[in-house]
Each structure stands twice: as C-alpha cells, then as structure tokens.
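Trainee: Could you have a look at this structure, given as structure tokens, before my questions?
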Amino acid sequence: MSTRTAGWLFAGPALLVIALFFGLPVLAALALSLTDFDIYALADIRNLRFVGIDNYLALLQNPLFWKALGNTFYFVLVGVPLSIAASLGAALLLHAKVAKFRPFFRTALFAPVVTTVVAVAVIWRYLFHTKYGMVNWGLSSLGIEPVDWLGDPHWAMPTIILFAVWKNFGYNMIIFLAGLQAIPEDLYEAARIDGASGWKQFRHVTLPMLGPVLLLVGILTMAGYFQLFAEPYVMTQGGPLQSTVSVLYLMYEEGFKWWNLGNASAVAFLLFAIMTAFTSGLLWLARKRGVE
Amino acid sequence: MLWARLRACCVPVLLLAVLAGCARGDKDKREVVRFWAMGYEGEVVAQLIPEFERRNPGIKVDLQQMPVLSAHEKLLTAFAGDALPDVTPLGNTWIAEFAQLDALAPLDARIAATPGFDAADFYRGAWDSGVVDATTYAVPWYVETRIPFYRKDLLQAAGVEEIPASWAQWKAAMQAIKREVGPERYAILLPLNEFEPLLNLAIHDPLLRDGGRYGNFRSAGFRQTLTFYKGLFDDGLAPKIGNTAISNVWDEFGKGLFSFYISGPWNIAEFKKRLPPELAEKWGTMPLPGPTGPGASVAGGTSFVIFRKSQHKDAAWKLIAYLASPEVQIRFHGITGNLPPRRSPWSDPRLANDPYAKAFRSQLERAVPTPQVPEWERIATELRIVGELLVSGRLSVDQAAAELDRRADAILAKRRWMLDHKATELAR
Amino acid sequence: MNRTLATAIVNGLLLALAALSLFPLVWMLSVSFMQPGAASHFPPPLLPADPTLHNYRELFVRAGMGRYFANSLLISIGVTLVSVLLNTMAGYAFAKLQFAGREKMFRSLLAVMVIPGQVAMMPLFLLLKQMGLVNTYAGAMVPGLAGVFGIFLVRQYARSIPDELLDAARIDGASEWRIYWQVVLPVLKPILVTLAIFSFLGAWNDFMWPLIVLSDQSLQTLPVALASLSREHVQDNELMMAGSVVTVLPVLLLFLSLQRYYMQGLLVGSVKG
C-alpha cells in the first residue's frame with residue numbers, strides 16, 4: 001500500500017476515537033446549551049424546549065455564576081504566579097552549581113505531582129483541621145491563634161491555592177530545569193566579565209532565555225488552574241458560603257447533581273470562551289514583548 | 001518480537017478480566033436482585049438478608065450501600081444512564097420526583113395479590129407519601145422525623161425545671177444553659193452545612209404556594225422562623241460551624257459542647273452505643289418545640305420502590321414484602337432505633353417501653369410531608385445556602401426571605417411551564 | 001558570595017522544600033498505622049504510639065478495597081495498552097507518513113487540546129448510554145483510549161527517525177506495516193515507555209469520569225471509593241489515611257522505578273515543542 005493510505009490507516013483509529021468520543025460530544029454539548037434539557041427532558045424527550053441563548057443570558061444574570069467566576073479568577077490570578085515562582089525558584093536551586101544530591105531532591109520535589117488528588121486532598125483536609133491539624137499546632141507553638149482553614153470563607157480558597165501549588169510545582173520545575181540547562185554557559189561568562197551581579201545575570205540572561213519556556217508554562221498552568229474541580233469537591237464541597245465554588249464545580253452540580261444539562265453545557269462553553277480569551281491575551285502580550 | 005511481547009502482556013490482562021467477570025458470581029444460578037440502600041440503615045439491613053435468602057433459596061440479594069449525601073445524585077445518574085438497581089428504599093421526599101420521571105413501577109396490583117399484606121396497618125401519613133396521582137409507588141420502610149436530643153443533667157444544672165414546649169421557652173432554657181456552661185461551650189448544635197435543622201423549624205408553615213408553582217418564603221410564618229433561627233446564632237447559643245468542623249458529634253455531645261442536637265431516630269442506637277456508660281441516664285429525647293407550643297417536623301423516612309426497568313420485579317417484591325412484615329420490622333427497630341411505619345410493631349414491648357422512642361411517637365402525629373415537587377431537593381439546598389448567608393450576617397431576615405423566594409421561583413419555572421402546558425393540552 | 005555559605009543556603013532551602021513536599025505523604029503513612037481515634041488529639045501525634053494493621057484490615061475486609069484496587073488496575077492497564085497502540089500509530093503517521101491534509105489535521109488536533117475535557121463529559125455519558133456502555137469497564141476506559149497529548153509526544157519523538165532508514169526498507173519491498181513493527185517501534189521504545197507511564201498515571205488518578213460513569217459500587221476505582229469513604233467516614237481519619245496510602249503507593253512506586261522516562265517525556269513534549 002502507498003504511504004498515503006498507510007498514513008490514514010495508521011492515524012485512523014486514534015482519530016476515530018477522538019472524533020467519536022470527544023469531537024462529537026463537544027458539538028452535542030454546544031447543541032445542548034441551546035436547549036433547556038433537564039431531568040424532565042431526560043424522562044420524556046418531548047419536554048425539551050429550544051431556548052437559543054437564553055441559558056447563556058440567564059447564567060450571566062446569575063449571581064452564583066459570577067461568584068464561581070470570581071473564585072476561579074482568584075484561584076488563577078494568585079495561584080498561577082505563585083506556582084510559577086515556586087517552580088522557577090526550585091529549578092534555580094536545583095540548577096545551582098553548589099547543589100548536592102540532585103537526583104534525590106528532584107525526585108522528592110516531584111513526588112506530589114504523581115499522587116492522586118483525592119487521596120492527597122484527604123490528607124490536607126486533616127493537616128488543616130482546626131483542632132487536630134498539624135498546621136494549627138505549628139502556629140500555636142509560635143503563639144498564633146488557630147485558623148479555621150477550611151471553615152472560614154476567607155481562608156478556604158487560600159488553603160486550596162496552597163494545596164494546588166504544593167501538588168503541581170514539581171511539574172513545572174522539571175520543565176524550567178530543562179530550560180535552564182539549555183542556556184549556554186558562555187552567556188553567563190560574558191555577563192560575569194562585564195561585572196554583572198547574580199541578580200543582574202538572572203534578569204538579563206536567564207529570564208530572557210527562558211522566555212518561550214515561561215510562556216509555555218504560563219499557558220499550561222493557567223489552562224490547568226481554570227479547570228479547578230477536584231480540590232473543592234473533596235475538601236470543601238464548594239463551601240463555606242460557596243467561597244470555593246469554581247466554574248467547573250458549578251458545571252458539575254448543574255449537570256450531574258440536578259441534570260440541567262442545558263445549563264451545564266452553557267457553563268462549560270462560557271468557561272472555554274474565557275480560557276481562550278485569556279490564552280490568546282497571554283500570547284498577544286508575549287508577542288508584543290518579542291518573546292516568541 | 002514486539003508482537004510476542006504484546007501478546008505476553010495481553011494474556012495476563014485478559015486473565016484479569018475473566019477473573020473479574022467470574023468474581024461476580026456467574027456460576028450462581030440464583031436470581032440476583034440488586035438492592036441499593038443508604039445510610040446507617042443500609043449497613044444494618046445486611047443482617048436481615050441471610051434470613052430472607054434462607055426463606056427464598058432461589059434469590060440472591062446483591063446489597064450495595066450508598067452514602068446518604070450523594071444518594072440522590074447517584075440515583076439520578078443511574079436513571080440517566082439506565083443503570084438503576086431493582087429495588088431501593090427511596091427517601092420519601094424524592095418519591096414524587098422519581099414518579100414524575102416515570103422511573104417507578106406501580107405496586108397496587110402486587111399489593112392486592114399478596115396474601116397477608118395489610119396495607120391498612122400503615123400510618124396514613126407514611127403510606128400517602130408513596131401515593132402519587134392515586135397510584136401507589138412505594139411501601140414505607142421506616143419513618144423518621146427530627147426532634148431534639150438533649151442533656152438532662154445540663155438542663156437541670158441550669159435550673160430549667162420543665163421541658164420547653166414553645167420557642168420562647170426553648171430560647172430561655174438555652175440562655176440558662178449558656179450562662180451555666182460558659183463561653184467555650186454552646187446550648188445547641190445547628191450545623192450550617194445541613195438543611196434539616198432549619199427545614200424542620202420552618203415546616204410548620206407551607207413553604208410553597210399555588211400548587212407548588214411559587215415559593216412562599218416571604219410569608220410571616222417563615223420570616224418568624226428565620227428570626228428565631230438567626231437569634232440562636234447571634235446570642236451565641238449555637239456555634240457558626242458545619243458538621244465537618246465537629247470531629248465526632250457523639251463525643252462532643254458527651255463532653256457537653258452542646259446540650260441540644262436536632263436529629264433522627266437512628267441516633268438513639270448510636271448514642272446508646274457510643275456514649276460512655278456514666279452518661280446513660282443523662283440524655284433523652286423531647287418533642288420539637290414550635291412557635292406557640294409543640295411544633296411540626298418533617299415526615300421523613302424511606303419507602304421501598306421497584307424501578308420500572310427492573311428485570312426482576314417479582315423477586316424484588318418478595319424482598320419488600322419480607323422487609324415490610326411486622327416481625328422483621330420489630331427486629332430492624334431493635335437494631336437501628338428507627339421507627340416502624342405501621343401500627344402493629346409498636347405494640348411490641350421492646351418498642352412500646354423504649355423511653356427514647358416515646359417522644360418520636362408523639363412527634364410523628366405532628367409530622368408534615370415536604371412539598372411534593374420534583375425540584376424540592378434543589379430548593380432545600382438553596383434553603384441551606386441562604387440560611388448560611390443569613391447566619392453570617394450577609395443578609396437580613398427580610399432579604400433572606402426575598403432571596404429564597406427569588407431562587408425558588410427560578411427553579412420552579414419549568415414546572416410552571418409544564419403544568420400550564422398540560423392544562424392547555426387537556427383543555428383542547 | 002562565599003561559596004560555603006552559598007552551598008549551605010542552597011542545600012538548606014532544597015532540604016526544606018523536600019521536607020515540605022514529602023511531609024504530608026510520610027505523615028499519611030504514619031497515621032495509617034495508628035490506632036483508630038489516635039490521630040484526633042491535640043497536639044497531633046507524629047508517630048503511631050501503638051502501630052497496628054487494623055486500618056488496613058478494615059479497608060480490605062469490610063470496605064472491600066481489594067476489589068477497587070483490582071478495578072483500578074484493570075482499567076488503567078486496559079487504557080494504557082490501547083492508548084499506547086493508537087497514539088503511537090497516529091504519532092508516527094503524523095511524523096513520517098505523507099498523506100493529504102496531514103498538517104491541517106494536526107493543527108486542528110492541537111486546537112482540540114485546548115478544549116477542557118469536562119465539556120464533553122455529559123453528552124459522552126448520554127452517548128455511552130445509547131451504546132449500553134454506562135456502568136461497564138469499557139465505558140470507564142473510553143475517554144482515555146486516545147489523546148492529542150500522546151499523539152503530540154510521539155510525533156515529536158518520531159520526527160527524529162531518519163527518512164533514509166524508512167526509504168531503504170521500502171525499497172527492500174517491506175510493507176508499511178512491517179516497517180512500523182520492525183523498524184520504527186524499536187526506535188520509539190523510550191517514548192513508548194513514557195507514554196505508557198503517562199497513560200497509566202492518568203487513568204489511575206482519574207476521578208471525575210469514573211465517578212459519573214460507574215454506578216455499581218463493585219466496579220468503582222480507588223479514587224472514587226476513597227472519595228465516598230471520605231464523605232461517609234468523616235470521623236475515621238486513620239482508615240482514610242490507609243485508603244490514601246493504598247491509592248497513592250502504586251503510582252509512587254511506578255514513578256520511582258521509571259522516573260527517568262517520565263521526566264524525559266515531559267521535556268520532549270514541552271521544551272522541544
């Protein structure tokens with residue numbers, strides 16, 4: 001057979017699976033979002049009504065949607081920079097010439113990434129327990145009042161952000177490490193000869209060279225953080241006072257708790273639109289700064 | 001070469017799959033009835049199954065437990081995916097919902113055809129929650145309602161002589177207790193992540209109006225409830241926490257963290273089991289106080305339903321008839337502390353003489369069903385959320401009432417359309 | 001800055017970070033061996049005063065963890081085998097086989113990668129219901145069977161295969177199929193291992209989809225069972241830690257033994273991109 005037919009035959013099965021089990025449902029979700037598909041329609045399809053963009057309009061007028069969006073933005077805008085800073089910091093430390101036992105440290109710092117979110121969320125929920133948690137015990141030995149981490153609406157989201165950063169910083173750390181290793185040594189040599197300090201070297205050699213990697217990491221992390229769901233589901237069930245309801249959590253509740261698939265699909269597409277906007281924005285910003 | 005390696009990998013996987021399939025007991029020739037049960041009762045019913053299987057050697061019961069908090073979701077998801085079990089004890093507040101979805105099989109013919117099944121023996125209220133549009137879909141298993149469990153010793157130490165019957169008396173009693181126990185402890189526990197406490201206090205007044213088309217939360221009765229509820233938190237009588245912040249509720253009750261705890265009959269058995277022996281005489285149950293005297297509470301509990309798409313309806317019915325018979329009900333009550341929905345078991349001395357069950361029995365006379373609309377579960381969730389906003393001070397009583405009405409009306413919009421739609425169709 | 005000081009600071013910070021990363025996992029292990037109720041004390045205990053296997057026994061005997069472990073294993077292995085097969089074939093095709101519309105198709109695949117998977121979940125559920133796959137192992141495996149990320153990974157790696165090698169084999173008269181199995185796959189071995197690890201990890205840790213599609217408790221996977229256990233047994237912390245250990249340990253061990261491939265795969269997929 002020719003390479004042409006072979007090409008289609010080889011790529012075919014995977015493409016078929018993706019088209020059938022992803023592409024088709026996504027299109028169906030778009031269609032669903034234009035109807036008021038709910039539990040009544042599930043029982044009897046004649047109860048279905050075509051409502052056009054009513055679901056989207058209703059969502060935009062729903063205070064809970066804005067609260068979920070706000071929570072998600074809070075998570076993204078605080079979590080992403082924090083996560084990237086932690087990853088970059090860890091990568092710089094590992095990359096330093098004076099660092100010892102690199103393989104051990106690299107493994108240790110990466111370990112949280114491979115763990116199951118549910119399992120680790122359970123552990124964190126207990127570590128941050130108001131009465132019996134390690135964190136409050138540590139605070140009390142420093143003389144600070146115990147904090148109701150997961151029960152206080154002001155502290156619940158920060159706790160979840162901390163958890164997400166802890167769990168994921170190892171992932172980006174590896175990518176940064178590779179990026180750092182790819183920077184030619186003579187650039188640093190030249191900077192040192194010019195009398196640049198460590199900090200100046202970082203600003204003028206490391207950061208610019210890491211540009212594309214930073215962009216990639218930024219986009220990937222942001223996309224991931226927009227999809228916050230498992231942590232609120234396991235740790236707080238969206239509470240307290242719905243301060244940890246994320247957009248996807250809202251979608252899950254609308255879709256799988258109440259079976260308002262029309263509404264839930266609309267939420268999902270709105271999230272997708274917002275994510276695309278942010279990603280494009282980041283790319284545009286990067287292009288302007290001449291990163292790409 | 002790689003092909004050989006691939007084959008080597010496939011064999012153990014296939015073996016695993018075959019084993020997994022076999023592990024489900026396909027060699028068993030008995031008819032399998034899938035039975036999903038939730039909560040503590042779901043754990044206990046496992047003890048009653050062996051006797052049933054002994055009496056019905058051709059039937060095997062595949063019991064699965066569901067956590068109470070996600071049972072509703074799980075059942076709805078199973079309905080959507082055509083993966084429902086054969087029989088399940090459905091929460092009474094959900095029967096209307098599943099009947100409307102046409103998920104349940106009518107039981108009238110089976111009831112009539114079963115000799116010795118005494119339908120009249122059941123309490124009217126319990127039986128009626130399983131009747132939708134004059135068709136019987138459910139047979140009550142147990143009834144429960146919520147009343148306060150309280151610490152007799154702490155009440156006495158605070159100088160309260162009589163058990164409070166109205167809200168005013170109750171609040172006074174709680175304030176006396178608070179003065180006695182101090183700032184570190186409380187008078188009552190009302191977890192903010194549960195809707196049952198507020199719902200039970202509110203049920204004395206109709207919560208929906210117009211045949212379940214609109215919310216009735218701006219009524220004077222409901223606002224009175226909100227004021228009372230909020231007052232308990234504002235005066236420091238109830239802690240502003242959810243039940244996850246309480247590590248172990250039985251432990252904390254025993255330590256006197258709170259003196260009143262509104263809960264259901266299953267906790268009779270739990271308290272008996274988990275409280276230390278020196279506290280055995282020091283706690284009791286009392287009727288739920290209402291605005292002016294003994295109050296109403298929610299008529300809850302579960303009733304057995306058979307799902308319409310079940311392939312084993314006859315066997316499932318046999319299981320229901322067995323579990324609903326008076327002798328099995330007496331045994332069941334003895335283990336769980338739950339209450340039989342029919343009269344004959346109550347005459348058994350174990351039940352008649354149980355001091356804790358007495359308050360429940362009298363409360364059952366004042367138990368009121370929740371509104372029979374499919375959207376009720378969702379509205380109850382909004383009730384909890386707005387209740388939390390009220391307690392945290394973000395909404396005033398009037399704002400909370402208006403907000404609840406707004407949310408309930410939005411949720412009921414489709415129902416209004418469907419009812420009007422049907423009306424116009426019938427009129428044609 | 002003085003070199004010894006720098007060494008001390010850098011390694012000290014690394015040690016602190018490592019401690020922060022590992023402490024929750026080590027503590028999880030420690031609590032899983034504690035007596036029931038022992039962890040609910042102030043101050044919280046670090047080590048079990050009276051180590052016991054009680055929690056593990058409870059898990060496997062009463063809560064049936066063995067069953068859930070087997071389910072997770074079965075589904076993860078199934079997904080891994082199929083996805084490695086499909087993704088590798090497709091990745092190779094996109095890298096080395098010329099066919100009409102190849103570049104356009106690949107670009108649209110990249111666009112698809114941006115769409116969050118949860119958008120498709122509900123209609124996929126309804127689709128599987130029509131196909132009768134709800135509440136089956138096959139249904140749980142479906143979303144993981146092929147993925148753009150996997151295809152992308154393989155394509156990046158396969159590009160490095162010299163065309164001359166393939167052309168020579170074609171001149172010799174070998175069919176495309178034989179070329180794939182005998183020439184290409186051996187070269188792709190490292191990325192195959194990486195892909196297998198990624199797939200296995202992804203399937204093992206997947207939570208939302210099995211939660212939705214598997215309603216029978218006997219089919220549940222470990223994360224789902226753990227989540228429902230954690231909602232029901234809020235009081236039994238030691239039991240839940242044991243459950244966490246059982247869920248986390250296999251993937252941690254897998255990662256430790258094959259970390260070289262995993263990290264390499266991360267890099268191929270991102271930096272060289």
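Trainee: Could you pull out every residue, at least 5 positions away or on a different chain, whose amide H is within less than 5 Å of the one on residue B:143? Hs are placed 1.01 Å off N in the peptide plane, and Pro or chain starts have none.
Mentor: Those qualifying (amide H under 5 Å, at least 5 residues apart or on another chain) are B:339.
Trainee: Additional query: What does the net charge come to around residue C:129 if you take all other residues with beta carbon closer than 13 Å to its beta carbon, with K and R at +1 and D and E at -1?
Mentor: Numbers: positive: B:309; negative: B:82.
Net charge in that neighbourhood comes out at 0.
Trainee: If you don't mind, there's one more thing I want to ask. Please list, by residue number, everything in the stretch C:134-178 whose backbone N is under 11 Å from a paramagnetic label point 7 Å out along Cα→Cβ of residue C:103.
Mentor: none
Trainee: Measuring from label point to label point, each 7 Å out along Cα→Cβ, what is the residue C:26 to residue A:187 span in nm?
Mentor: For residue C:26 paired with residue A:187, the spin-label model returns 3.7 nm.
Trainee: With +1 on the Cβ of every Lys and Arg and -1 on the Cβ of every Asp and Glu, and nothing else charged, how large is the dipole of the stretch A:170-292 about its Cα centre, in debye rounded to the nearest 20? It would help to have the intermediate numbers written out before the result.
Mentor: Working: 7 positive and 8 negative charges, 56 e Å.
Value, rounded to 20: 260 debye.
Trainee: Please list, by residue number, everything in the stretch B:235-253 whose backbone N is under 18 Å from a paramagnetic label point 7 Å out along Cα→Cβ of residue C:35.
Mentor: B:251
Trainee: Continuing with the same structure: For the protein assembly as shown, what is the Kirkwood hydrodynamic radius in Å, using each pair of distinct C-alpha atoms?
Mentor: Values: mean 1/r = 0.0322 Å⁻¹.
Kirkwood radius, the protein assembly as shown: 31.1 Å.
Trainee: Another question about this same structure. Under 15 Å between alpha carbons, and skipping anything fewer than 8 positions from residue A:131 in its own chain: which aspartates and glutamates qualify?
Mentor: Correct list for residue A:131: A:145, A:148, A:152, B:184, B:251, B:252.
Trainee: What's the magnitude of the charge dipole for the stretch C:27-270 around its Cα centre, counting Lys and Arg as +1 and Asp and Glu as -1 at the beta-carbon? Answer in Debye, nearest 20. Please list the in-between numbers first.
Mentor: Numbers: 15 positive and 13 negative charges, 104 e Å.
Its charge dipole is roughly 500 debye.
Trainee: Using helices alone, I'd like the mean residue ellipticity at 222 nm for chain A: each DSSP H run of four-plus residues gives -39500 (n - 2.57), total over residue count, nearest 500. Each step should come with its number before you reach the end.
Mentor: Values: 14 runs with 195 residues, N = 292.
The per-residue figure over chain A is -21500 deg cm²/dmol.
Trainee: Moving on to the next point. Only bridges with both residues in the protein assembly as shown count here: give the DSSP antiparallel percent, nearest 5. Write out the running numbers ahead of the final one.
Mentor: Numbers: 26 of 40 bridges.
Counting only bridges with both partners in the protein assembly as shown, antiparallel ones make up about 65 percent.
Trainee: What full-extension length gain, to one decimal in nm, is calculated for residue B:250 and residue B:424 as 0.36 nm per residue of separation minus the Cα-Cα distance?
Mentor: Numbers: separation 174, 0.36 × 174 = 62.64 nm, distance 5.44 nm.
Gain on stretching residue B:250 to residue B:424: 57.2 nm.
Trainee: So what's the back-of-envelope 222 nm ellipticity for chain B, counting only DSSP H runs of four-plus at -39500 (n - 2.57) apiece and dividing by all residues, rounded to 500?
Mentor: -14500 deg cm²/dmol
Trainee: For the stretch C:66-82 and the stretch B:370-428, compute the distance between their C-alpha centroids and round to whole Å.
Mentor: The stretch C:66-82 and the stretch B:370-428 have Cα centres separated by 43 Å.
Trainee: Out of residues 5 or more away from residue B:306 or on other chains, whose amide H comes under 5 Å of its own, with H placed 1.01 Å from N in the peptide plane?
Mentor: For residue B:306, the qualifying residues are B:105.
Trainee: Mind checking which of B:421, A:31, C:83 is farthest towards the positive end of the protein assembly as shown's charge dipole, using Cβ charges of +1 (Lys, Arg) and -1 (Asp, Glu) about the Cα centre?
Mentor: Working it through, the farthest residue towards the positive pole turns out to be C:83.
Trainee: Another question, then. Calculate the mean, over all residues of peptide A:101-112, of how many other protein chain Cβ atoms lie within 10 angstrom of the residue's Cβ. Spell out each step's value before the answer.
Mentor: Details: counts 4, 1, 2, 2, 6, 4, 7, 9, 6, 6, 9, 7.
Per residue, the average neighbour count from other chains is 5.
Trainee: Lysines near residue B:422 by alpha-carbon distance under 21 Å, same-chain residues fewer than 8 away left out - which ones?
Mentor: Once the sequence-local lysines are set aside, what remains near residue B:422 is B:414.
Trainee: Related question: What are the ³J(HN,Hα) couplings of the stretch A:215-220, residue after residue, when phi is run through the Karplus curve with 6.51, -1.76, 1.60 and θ = phi - 60°? Round to Hz, x for glycine and proline.
Mentor: Whole-Hz 3J(HN,Hα) from phi for the stretch A:215-220: 4, 4, 4, x, 5, 4.
Trainee: Obtain the nm distance between the two label points defined at residue A:287 and residue A:73 by a simple spin-label model: each point lies 7 Å from its Cα along the Cα-to-C-beta direction.
Mentor: Those two pseudo-labels are separated by 2.5 nm.
Trainee: Still on this model: I'd like the mean, over residues of C:202-209, of how many other protein chain beta carbons sit within 10 Å of each residue's own Cβ.
Mentor: Values: counts 0, 0, 2, 7, 2, 9, 6, 0.
Mean partner-chain Cβ count within 10 Å for C:202-209: 3.
Trainee: A further question on this structure: If you average the alpha carbon positions of the stretch B:76-135 and of the stretch A:121-178, how far apart do those two centres end up, in angstrom?
Mentor: 46
Trainee: While we're looking at this one, here's another question. Between the stretch A:30-96 and the stretch B:145-219, what's the alpha-carbon centroid distance in Å?
Mentor: Comparing the Cα centres of the stretch A:30-96 and the stretch B:145-219, I get a distance of 38 Å.
Trainee: I would also like to ask the following. Kindly provide the pair-distance distribution of the stretch A:53-288 built from C-alpha pairs, with 10 Å bins from 0 and whole-percent values in order of increasing distance.
Mentor: 7, 26, 30, 23, 12, 3, 0
Trainee: Taking the Cα centre of the stretch A:53-288 as origin and charging only Cβ (+1 Lys, Arg; -1 Asp, Glu), how large is the dipole, in debye to the nearest 20? Before the final figure, lay out the partial values.
Mentor: Working: 14 positive and 11 negative charges, 109 e Å.
About 520 debye.
Trainee: Then there's this: For chain C, what D do you get in µm² per second when you plug the Kirkwood radius from alpha-carbon pairs into Stokes-Einstein at 20 °C and 1.002 mPa s?
Mentor: Values: Rh = 21.9 Å.
For these conditions, the coefficient is 98 µm²/s.
Trainee: Then there's this: In degrees, nearest 10, range 0 to 90: what is the angle between the Cα axis of helix C:65-96 and the longest Cα principal axis of chain C?
Mentor: It works out to around 20 degrees.
Trainee: Right, here's the next one. Give the angle, between 0 and 90 degrees and rounded to the nearest 10, that separates the Cα long axis of helix C:222-232 from the longest principal axis of the Cα atoms of chain C.
Mentor: In chain C, helix C:222-232 runs at an angle near 30 degrees to the longest axis.
Trainee: So what's the angle, to the nearest 10 degrees on a 0 to 90 scale, between helix B:2-23 and the longest Cα principal axis of chain B?
Mentor: Approximately 70 degrees, to the nearest ten.
Trainee: On average, how many beta carbons from a partner chain sit within 10 Å of the beta carbon of a residue in A:233-241?
Mentor: On the way: counts 5, 6, 2, 3, 5, 2, 7, 9, 7.
The shielding value for this peptide is 5.
Trainee: Order these by the 10 Å Cβ neighbour count, fewest first: A:221, A:130. Let's see the in-between values first.
Mentor: Details: A:221 22, A:130 18.
So the residues, fewest neighbours to most, are A:130, A:221.
Trainee: Based on other C-beta atoms within 10 Å, arrange B:330, A:174 from fewest to most. All intermediate terms of the calculation are to be shown ahead of the outcome.
Mentor: Working: B:330 18, A:174 24.
Going from sparsest to densest Cβ surroundings: B:330, A:174.
Trainee: For residue C:96, give me every one of the aspartates and glutamates with a C-alpha distance below 19 angstrom, ignoring sequence neighbours fewer than eight places off in its own chain.
Mentor: Within the straight-line limit of under 19 Å, residue C:96 reaches these aspartates and glutamates: C:163, C:164, C:167, C:172, C:176.
Trainee: Using the charge dipole of the stretch A:53-288 (Lys, Arg: +1 at Cβ; Asp, Glu: -1 at Cβ; taken about the Cα centre), state which of A:181, A:265, A:56 has its Cα farthest towards the positive end.
Mentor: A:181
Trainee: Give me the net charge of residue B:391's neighbourhood, meaning all other residues with Cβ under 13 Å from the Cβ of residue B:391; Lys, Arg count +1, Asp, Glu -1. Intermediate results must be reported in sequence, preceding the final value.
Mentor: Numbers: positive: B:230, B:240, B:384, B:394; negative: B:194, B:234, B:235, B:388.
My count for the surroundings of residue B:391 gives 0.
Trainee: Just list whichever of B:282/B:358; A:167/B:240; B:29/C:129; B:152/B:272; A:67/A:167; B:29/B:60 have alpha carbons separated by over 20 Å in the model shown.
Mentor: Details: B:282/B:358 16 Å; A:167/B:240 31 Å; B:29/C:129 28 Å; B:152/B:272 15 Å; A:67/A:167 25 Å; B:29/B:60 9 Å.
Going by Cα-Cα distance, A:167/B:240; B:29/C:129; A:67/A:167 fall outside the 20 Å limit.
Trainee: Project the alpha carbons of chain B onto their principal axes and report the range along each, largest first, in whole Å.
Mentor: 77, 65, 64
Trainee: Another question about this same structure. Taking the Cβ of each residue in B:252, C:238 as the centre, tally the other Cβ atoms inside 10 Å and list the residues starting with the fewest. Intermediate values should be presented prior to the final figure.
Mentor: Values: B:252 16, C:238 25.
In order of increasing Cβ crowding within 10 Å: B:252, C:238.
Laboratory data are not the source of any read-out in this text; all were calculated from the coordinates shown. On a predicted model such as this, the values are computed, not experimentally measured, just so you know. Neighbour counts are summed over all protein chains in view; Cβ atoms, including those assigned to glycine, are modelled from backbone coordinates with ideal geometry.
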